[in-house]
Amino acid sequence: MRETIAIAVKDLRLLLRDKAGFFFVFFFPLLIAIFFGTLFVNEGRQTNRLRVFVIDEDDTAASRSFVGRLKGAPELDARPASRAEALNRVRRGEGTAYIAVLRGFGEGNVFGDNPPAVELGVDPSRKAEQGLLEGALMKYASERLSELFTDPAKSMSSLQQSREQVLNNPNMSAADREKVASFLGDLSSVMSRAPQGQSGGQPQGKFEPLRIQNADVQVHWEGPPSSYDVTFPQGVMWGILGCAAAFGISLVTERTRGTLVRLRMAPIGRGQILAGKALACFMTMVGLSVTLLAFGRLVFGVRPDSLPKLALALIAVGLCFVGIMMLLSVLGRTEQAAGGIGWAVLLVMSMLGGGMLPLFFMPKWLQAVSHFSPVKWGILAMEGAMWRGFSYTEMLLPCAILLAIGTVCFAAGERAFKWLE
Amino acid sequence: MSCAVLSCVVSFKIMLRISNLHKTFGDIRAVDGLTLEIKRGEVFGLLGPNGAGKTTTVNIAVGLLPADSGTVEIVGHGSPADRAVRRVIGVAPQVLSLYDELTAEENVAFFGRIAGMRGALLREQVKSTLQFVDLYDRRGDAVSTYSGGMKRRLNLAIAMVHDPELLFLDEPTVGVDPQSRNAIFEKVLALRERGRTVVYTTHYMEEAQRLCDRVGIIDHGRLLALDTIDGLLRTHGGQKVLVAQSLQGEVRVPTDDPLVDLNRLQAESRLLSFRLEGPDLESVFLKLTGRLLRD
């Protein structure tokens, strides 16, 4: 074990002496986290169907009709769910938002103070899509009204109901009540004379087809995250990718400059040499993660939901990428080849895993492929511990996948490692 | 003295025993039935041209490469394939194997730790080793700032930091200036004085002649001859050559009795100068292989 630690300390010392390498391992990820954290505040765009969970708490003909519209919406992938399930799945990042059609939706008055209302809870990491969702909801609420007014019987009933609510509204002045009630009366007369199927047009005055009550998803767990809570795990991931690439190359460097031969001639085993490398890589990964997150805490108020869970996530991510580092180290015979191949593999992993571009920007098939990227699971594990409020059971899936990938890669790398070229 | 005791005493005098060693790389026969014994406390030269199989032999002898067949034994310890046995071996590879970003002290200390040394013993050993190779004053400088000769000496220091009984120095003077080469020679001779066994591979006959107690001449993986320098010269060196300069030009006469031949030449024509050339390892190699060492 002492020999393994000696190798690890030597590798850390080599990393510290390499100023450019040190910068890219420790400071570059920090810049990435800050840059994208700033960039993604209220920014974004949409190219795919947004997965939303819909809760029909009203369960009236009107609410069912509205939910039906959402299900048929081309820009939405609306799935029915209970409130608890919807909240939980959004929290775990399985959907962009939940939409709760609130009680009283069917009786809502589009001309009064009590319009049909829904509650919208958006995943904090996907705030960029909130505007799109609100627009879509307003669109389908308006369509519902448009349909309402093409049916004279329904519209007459609705207008009559609205007129009565206006006349009884104590918040309106008498003059306003009279004007709006008179207008609704006139409109009702026109509608009664209109042939069936003809649009009644849009009423004037106060008109609110849908009231959207935004619910902060994160209020259900401690501390409202900022965009930095989203970008700092990504920054950590970048740092870890940098470590994996750097240490993958360092193993090739040992081989090309002959020090590996010297290590092999020493009275230590092959396992100790690889373990030393792995330990140095792991320590660097943990060190940079802690540094980045501490910086995020001090400067940007990034506060993990659970430190033990974060530690669990970082250990799983670290072990996974140590294994990947081991595999990368056998892919190239020269430092240039190892560096090129390593970064190419890591960049693809990062791209597929949402490290470069949010997953929702990608086509569905690529999103499916992202399940194979450890970057996705790494970010999910860290987010789960930082602000998604994962339970230990929920942490199990990403952590187990990370450990499995790490183990397979380490075993494959160790097996393929060639001692003498 | 009984046979068993005699055998034990003889064995104790042997440090390294290589028996019928074979190693091939594809179609290339790198080591071909090599058998030799190296005595404790001697500087043994493994002399041969580039590609003769010297480095392969060393790599097998230190446990880095497995042999196709044959055995290597560090007498009293066992096979170098055994990790524990490698504690008694030190190797200075032909290719400089150093961490340029680290200081000399950090390099030596690291390999000392790898060899299992700790604490005060390690510190003392690092200090004495760096002093031995005259790098103690520069111990805090990064190796990247060192000259080629200094790096060679550091390469040697790393090989001996754990005070091994048996040292393999594989072409330790490649690419160094004459001054550094002389410094390395002095260190090798000092090691012999300390009672260390040194296996010194080289293709420079001058080095072998200056440093080695015995020399094994190797070519195409086969041991062609093994003896002391004098023994090799006597057996394989051929005759001395009398070189005489007369008004007619230079005359070279192989001779067993230089005085008789010199008188004969003097009688034939007036000599302006003469000298006697003795056989050297180059001529030994020429006689054994039909070609020069540097061919």
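Please treat every number below as a calculation from the coordinates, not as lab data. Bear in mind that the values here come from a model prediction, so they are computed numbers and not experimental data. Glycine gets a Cβ as well: all are built from the backbone with ideal geometry, and neighbour counts include every protein chain shown.
Annotations
- Once the Cβ-Cβ distance of A:LYS179 and A:VAL348 is raised to the sixth power relative to R0 = 56 Å, the FRET efficiency obtained is 0.30.
- On Cα atoms only, tilt of B:119-132 relative to the major axis of chain B in degrees: 20 degrees
- Here's the list of aspartates and glutamates a cross-link from B:LYS127 could span, going by alpha-carbon distance under 14 Å and ignoring same-chain residues fewer than 8 apart: B:GLU105, B:GLU106, B:ASP137, B:ASP163.
- The length gained on full extension between A:SER82 and A:THR256, counted as 0.36 nm times the residue separation minus their Cα-Cα distance, comes to 56.6 nm.
- Average Cα contact separation per residue, segment B:138-212, under 8 Å, 6 or more apart, as relative contact order %: 33 percent
- Segment B:203-295: relative contact order in percent, alpha carbon pairs under 8 Å with at least 6 residues between: 28 percent
- Highest mean packing comes first when the peptides A:398-406, B:78-86 are listed by Cβ atoms within 10 Å, giving A:398-406, B:78-86.
- FRET efficiency, A:ARG49 to B:GLU282 (Cβ-Cβ, R0 56 Å, nearest 0.05): 0.10
- Within 10 Å of each Cβ in B:106-118, the average number of Cβ atoms from other chains: 5
- Peptide B:53-59 shows a mean partner chain C-beta count of 1 within 10 Å per residue C-beta.
- Seen through its C-alpha gyration tensor, with square-root eigenvalues sorted a ≥ b ≥ c, the protein assembly as shown comes out prolate because a/c lies at 1.5 or above while a/b is bigger than b/c.
- In this simple spin-label approximation, A:PHE27 and B:ASN50 carry label points 7 Å from Cα along the Cα→Cβ vector, and these lie 4.4 nm apart.
- Expected 222 nm ellipticity per residue - DSSP helices of 4 or more, -39500 (n - 2.57), all of chain B, to 500: -11000 deg cm²/dmol
- Which listed pairs, of B:LYS13/B:LYS151; B:LYS240/B:LYS287; A:LYS71/A:LYS364, have C-alpha distances above 25 Å, in listed order: B:LYS13/B:LYS151
- Estimated distance in nm for a label pair at A:TRP365 and B:ASP134, the labels positioned 7 Å out from Cα along Cα-to-Cβ: 7.1 nm
- Averaged over peptide B:96-105, the number of partner chain Cβ atoms lying within 10 Å of each residue's Cβ comes to 4.
- Springs join every pair of Cα atoms under 10 Å in this Gaussian network model of chain B, and among B:ASP170, B:ASP100, B:ASP219 the largest mean-square fluctuation is at B:ASP100.
- Per-pair calculated FRET efficiency, R0 = 41 Å: A:LYS19 and A:SER65 via Cβ, rounded to 0.05: 0.05
- Charge tally in the Cβ shell below 11 Å around B:LYS127, where Lys, Arg are +1 and Asp, Glu are -1, B:LYS127 excluded: 0
- The trypsin sites (Lys or Arg not before Pro) of segment B:228-295 that DSSP puts in a loop, and whose beta carbon has at most 12 other beta carbons within 10 Å, are B:ARG270, B:ARG291, B:ARG294.
- Full-stretch length increase - B:ARG17, B:ARG29 - with 0.36 nm per residue and alpha-carbon distance subtracted: 2.2 nm
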